[in-house]
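The values are calculated or read from the model by the stated rules, or taken from the named source; none is laboratory data. Fair warning: this is a prediction, and the values are worked out from it, not measured in the lab. As a convention, Cβ positions derive from the backbone with ideal geometry for all residues, glycine included, and neighbour counts pool all protein chains shown.
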Amino acid sequence: MEPTRLTVLVGRSMEGDPEAFGELVTALTPGLRQYCKTFFSSWHDAEDATQDAWIRAWQSLGSLRERAAFKTWLYRMARNICLDRIRQRANDQQTVDDEVLEQTPVPDRELPENVAVQRGEIADAWQIINGLPSALRQAFVLVALQGMSYKEAALVTNVSESTVRGRLARARNAISEAVS
Amino acid sequence: MKTLPCGRTTEDVLLNLDEPADLHELQCRWCHAERQRLKDQNGFITQLLHSSTPEHQPEAFSQRILGKIAEYSPFQRMWDVQDAGTGLAIRVSSLELIKAIRAAFSESPTSQLNYTEIKATDTQIPHLNWRVQCHVSMAGDSSVQVIEQQVLDYVRCAISPLISWRELVVNLVIEDLHGEAIESITLRGEN
């Protein structure tokens with residue numbers, strides 16, 4: 001979606017126009033759902049979090065200060081929802097704390113280098129992405145898949161731009177190793 | 001991460017994969033080949049991920065979300081006003097007034113309304129004094145001098161058929177394409 005169109009739709013949504021907000025939902029949901037998936041092993045959990053993020057966004061639009069920052073605001077909200085849900089589920093497969101996330105050993109069965117992948121034989125590239133620690137997955141999905149700048153991804157994930165750069169590099173390296 | 005014959009590592013190349021190659025990389029065949037390899041392999045996966053998001057029916061999912069959101073009405077400020085046509089005391093929501101302002105702006109060839117807010121500034125009932133915040137982008141061939149008068153007229157024309165008013169203050173904020181404020185002007189009108 002063009003930035004100008006986004007700004008207008010966000011403005012109208014803040015005024016209370018449900019149709020404009022509906023357009024935002026339709027346009028941004030696929031990307032938001034993909035981002036939420038970086039926290040969970042199932043798409044079902046990712047979709048629940050996506051839905052909650054939109055509801056919270058609709059209810060909190062009045063607190064949005066910069067319309068141009070709507071997308072990072074929405075993604076940050078989604079991130080908080082995902083982390084809250086993971087915290088609530090002590091037995092969830094994913095680890096909670098960001099710092100811990102970075103250190104999380106990936107289950108052997110999902111280690112990128114253990115995924116025997118040949119070009120043309122990939123049934124599901126998500127298997128590779130799911131093998132990455134959540135922090136690396138987030139950086140890859142936000143920047144490489146969704147085209148966010150390092151700055152925007154840093155705002156969403158609450159880390160510095162250089163941390164995003166480092167995480168993305170590690171994610172890309174793992175992907176390359178899985179593919180080759 | 002492996003070390004290339006030139007001394008740089010795969011990590012060095014990866015850290016700047018989204019940037020143009022630096023002078024060393026431009027002249028180094030190992031770095032050049034490594035960059036190409038990493039771009040090819042990552043590009044391949046990225047392309048696959050773009051083309052296939054599993055278990056997803058985007059329209060059905062968006063509709064489900066919109067259905068949920070419909071259960072939560074947006075907060076709308078209601079105002080006690082005097083109907084411009086009948087003179088009777090009525091209540092209108094901010095959104096009704098905003099819709100009228102938007103309709104007036106929709107005809108404009110020189111400005112686009114990005115966001116607006118309307119508030120009564122007096123404590124009496126019915127309210128007669130109003131402040132309107134208008135965030136607009138202007139066409140490249142227009143000027144602030146041209147649109148400031150237009151904006152005041154649009155707002156005046158929009159609310160006059162709906163409510164009686166005495167004083168109108170319009171805070172005009174001119175924005176760039178990204179919604180960043182470039183200039184702010186306060187306009188005043190009396191009825």
Quick one: residue B:179 ticks every box in (1) in contact (Cβ under 8 Å) with a residue 12 or more places away in the chain; (2) at negative phi; (3) within 14 Å of chain A (Cβ to nearest Cβ) except a single one, so which number is it?
(2)
Determine whether residue B:11 is farther than 23 Å from residue A:31 by Cβ, among the acidic types (Asp, Glu), assigned to a helix (DSSP H, G or I) and in contact (Cβ under 8 Å) with a residue 12 or more places away in the chain.
no
Looking at B:26, B:49, B:17 in this structure, which one is assigned to a helix (DSSP H, G or I) and surrounded by 14 or more Cβ atoms within 10 Å (Cβ to Cβ)?
B:49
Anything in segment B:150-177 that is more than 25 Å from residue A:66 (Cβ to Cβ) and in contact with a strand residue (DSSP E or B) (Cβ under 8 Å, 6 or more places away or on another chain)? List them, or say none.
B:150, B:152, B:156, B:159, B:162, B:163, B:164, B:165, B:166, B:167, B:168
Just need a number here: residues in segment B:1-36 that are at pLDDT below 90, within 13 Å of another protein chain (Cβ to nearest Cβ) and over 38 Å from the mean Cα position of the chain (by Cα).
2
Out of segment A:54-64, which residues are part of a helix (DSSP H, G or I) and within 11 Å of chain B (Cβ to nearest Cβ)?
A:54, A:55, A:56, A:57, A:58, A:59, A:60, A:61, A:62
So, in segment A:138-163, exactly how many residues are away from chain B (no Cβ under 11 Å), part of a helix (DSSP H, G or I) and either crowded, with 19+ Cβ neighbours inside 10 Å or within 14 Å of the chain's Cα centre (by Cα) (or both)?
9
In this structure, is residue B:172 modelled with pLDDT of 90 or more and either out of contact with any helix residue (DSSP H, G or I) (no Cβ under 9 Å at 6 or more places or on another chain) or over 18 Å from residue A:8 (Cβ atoms) (or both)?
no
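Residue-wise test of (1) surrounded by 14 or more Cβ atoms within 10 Å (Cβ to Cβ); (2) within 13 Å of another protein chain (Cβ to nearest Cβ); (3) modelled with pLDDT of 90 or more.
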| position | (1), (2), (3) |
| --- | --- |
| B:74 | yes, yes, no |
| B:77 | yes, yes, no |
| B:83 | yes, no, yes |
| B:87 | no, no, no |
| B:90 | yes, no, yes |
| B:97 | yes, yes, yes |
| B:101 | yes, yes, yes |
| B:109 | no, no, no |
| B:112 | yes, yes, no |
Going by the structure shown, is residue B:40 under 25 Å from residue A:141 (Cα atoms), in a helix (DSSP H, G or I), out of contact with any Gly (no Cβ under 6 Å at 6 or more places or on another chain) and among the acidic types (Asp, Glu)?
yes
Could you list, in sequence order, the residues of segment A:65-83 that are assigned to a helix (DSSP H, G or I), within 12 Å of chain B (Cβ to nearest Cβ) and surrounded by fewer than 21 Cβ atoms within 10 Å (Cβ to Cβ)?
A:68, A:69
Of the conditions (1) modelled with pLDDT of 90 or more; (2) out of contact with any Lys or Arg (no Cβ under 7 Å at 6 or more places or on another chain); (3) not assigned by TED's automatic domain parsing to the domain that holds residue A:17, residue A:72 satisfies every one except a single condition; which number is it?
(3)
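This table checks each residue for (1) surrounded by fewer than 19 Cβ atoms within 10 Å (Cβ to Cβ); (2) touching a residue at least 24 places away in the same chain (Cβ under 8 Å); (3) under 27 Å from residue B:49 (Cβ atoms).
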position	(1), (2), (3)
A:5	yes, no, yes
A:8	no, no, no
A:20	yes, no, no
A:32	no, yes, yes
A:36	no, yes, yes
A:52	no, yes, yes
A:56	yes, yes, yes
A:59	yes, no, no
A:62	yes, yes, no
The lone condition residue A:131 fails out of (1) in contact with an Asp or Glu (Cβ under 8 Å, 6 or more places away or on another chain); (2) more than 10 Å from chain B (Cβ to nearest Cβ); (3) at pLDDT 90 or above is (3)
